[in-house]
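Novice: Mind looking over this structure? Questions follow.
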């Protein structure tokens, strides 16, 4: 086995909070005014200012800030009219907060299969919609992979589906010049630590619909202080819903907003770095005959804060051994084919609260699907070393497995 290098790079280290965010956070902590609303004055404007800035950046009329993206998805479903017990369609390839949001809204997740390129399968979407009678699709742009949105909206219009977009991995991304988050009735973005904007935890719901915005504001926990929202619908919309919408206390704090606000202006700069590193890694990994990196559609304007690739046909012990060798040399790769959830990674058949559903083609795709973060601190030279470790560890593990007696 060729000696592999070891890389000293923390794949989970987010970029530092900009000085303006640190300054404002310190001011808030010194004052103790961390709640987004002011009862006797409206001086606590940090969350409202974030809502205004993000709505403007994406080109939607309203933005409502939540304490997590999962909370914003649940509120988005409820605000759009999802009824308790009804089916909601969702990508089978996503993360646990997505089915969790559907259950939080009182609905039942119905999984839709994916293609070998990790995108929602439009034919299976048709089949699942007809089979379940679902009226809603919670569409995940999972790990930043954006489906052909022209085709998708054609199918959802044909089926009469209301779409809520999960844009946790596509802040700053788009399709043919149109931002993700502007295709559905509402969309939800994340400001969790590992996302494109980092406030530790947080979610941003955007919409152009007066009634969805009104209900989302009330669901977030505005009490009757919704007048302090920077982007809010007309008073008559709030009046329609204020007595019939529960307060679920899911609002964002002023501190999280203060940390997030200056980072909105850094999205383009961060996207350029991420996409450069992604392109380098994709080229290096795709050169290995054992690794498949899917081609991206030329109209997909992604912001690649992570990279996904497939290694097919290996038994679980071989995959586990390969990932262990890579980890020993400093490269941390997650694997969706593992028989059981680990860390942040789980798959549709792990979510047993959703009811058993069979998706053989999707399960086959997930069995070989690997996932790796791209930290902004990763340099061009780091890309070479990371690819060398992944490919070298894989080749050595396959060779060792092949040479073992009675190997599968």
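The values are calculated or read from the model by the stated rules, or taken from the named source; none is laboratory data. Since the structure is predicted, the reported quantities are computational estimates derived from the model, not experimental observations. All Cβ positions, even for glycine, are placed from backbone atoms using ideal geometry, and neighbour counts span all protein chains on display.
Novice: Do we find that residue 72 is surrounded by 23 or more Cβ atoms within 10 Å (Cβ to Cβ) and at pLDDT 95 or above in this structure? Break it down stepwise before answering.
Specialist: Details: surrounded by 23 or more Cβ atoms within 10 Å (Cβ to Cβ): yes; at pLDDT 95 or above: yes.
So residue 72 passes the test.
Novice: Is it the case that some residue within region 154-165 is surrounded by 20 or more Cβ atoms within 10 Å (Cβ to Cβ), assigned to a loop (DSSP other than H, G, I, E, B) and within 17 Å of the chain's Cα centre (by Cα)?
Specialist: no
Novice: Is there a residue being crowded, with 18+ Cβ neighbours inside 10 Å and more than 20 Å from the chain's Cα centre (by Cα) anywhere in region 193-205? Walk me through how you get there before you give the answer.
Specialist: So in region 193-205, the residues crowded, with 18+ Cβ neighbours inside 10 Å come out as 195-199, 201-205.
Those still in the list that are more than 20 Å from the chain's Cα centre (by Cα) too: none.
No; the residues of region 193-205 include none that is crowded, with 18+ Cβ neighbours inside 10 Å and more than 20 Å from the chain's Cα centre (by Cα).
Novice: Can you spot a residue in region 206-213 that is buried (at least 21 other Cβ atoms within 10 Å of the Cβ), part of a helix (DSSP H, G or I) and at pLDDT 95 or above?
Specialist: Of all residues in region 206-213, those buried (at least 21 other Cβ atoms within 10 Å of the Cβ) come to 206-207, 212-213.
Next, only the ones that are part of a helix (DSSP H, G or I) stay: 212-213.
Checking which are at pLDDT 95 or above leaves us with 212-213.
Yes, region 206-213 has at least one match.
Novice: Yes or no: region 212-233 includes at least one residue that is at positive phi and in contact with a strand residue (DSSP E or B) (Cβ under 6 Å, 6 or more places away or on another chain). Lay out the reasoning, then the answer.
Specialist: If we filter region 212-233 for residues that are at positive phi, which is where we start, we get 221, 223.
In the following step, the residues that additionally are in contact with a strand residue (DSSP E or B) (Cβ under 6 Å, 6 or more places away or on another chain) were identified as 221.
Yes, because at least one residue in region 212-233 is at positive phi and in contact with a strand residue (DSSP E or B) (Cβ under 6 Å, 6 or more places away or on another chain).
Novice: Okay, moving on. Name the single residue that is modelled with the lowest pLDDT among those in region 333-349 being surrounded by fewer than 17 Cβ atoms within 10 Å (Cβ to Cβ) and out of contact with any strand residue (DSSP E or B) (no Cβ under 8 Å at 6 or more places or on another chain).
Specialist: The extreme case among them is 339.
Novice: Now a separate question. Could you tell me whether any residue of region 380-392 is part of a loop (DSSP other than H, G, I, E, B) and surrounded by fewer than 18 Cβ atoms within 10 Å (Cβ to Cβ)? Spell out how you get there, then give the answer.
Specialist: Of all residues in region 380-392, those part of a loop (DSSP other than H, G, I, E, B) come to none.
Checking region 380-392: not a single residue is part of a loop (DSSP other than H, G, I, E, B) and surrounded by fewer than 18 Cβ atoms within 10 Å (Cβ to Cβ).
Novice: Of the residues 356, 399, which single one is at negative phi, surrounded by fewer than 21 Cβ atoms within 10 Å (Cβ to Cβ) and in a loop (DSSP other than H, G, I, E, B)? Talk me through it step by step, then tell me what you get.
Specialist: Numbers: 399 fails: in a loop (DSSP other than H, G, I, E, B).
Result of the check over 356, 399: 356.
Novice: Would you kindly identify the helices (runs of 4 or more DSSP H) lying entirely within region 219-326 that contain at least 3 residues that are at pLDDT 95 or above, surrounded by fewer than 17 Cβ atoms within 10 Å (Cβ to Cβ) and not assigned by TED's automatic domain parsing to the domain that holds residue 64? Steps first, please.
Specialist: Details: elements: 235-241, 254-260, 267-286.
In region 219-326, 267-286 are the helices (runs of 4 or more DSSP H) which contain 3 or more residues that are at pLDDT 95 or above, surrounded by fewer than 17 Cβ atoms within 10 Å (Cβ to Cβ) and not assigned by TED's automatic domain parsing to the domain that holds residue 64.
Novice: Separate question: Among the residues in region 103-121, are any in contact (Cβ under 8 Å) with a residue 60 or more places away in the chain and farther than 30 Å from residue 338 by Cα?
Specialist: No, region 103-121 contains no residue that is in contact (Cβ under 8 Å) with a residue 60 or more places away in the chain and farther than 30 Å from residue 338 by Cα.
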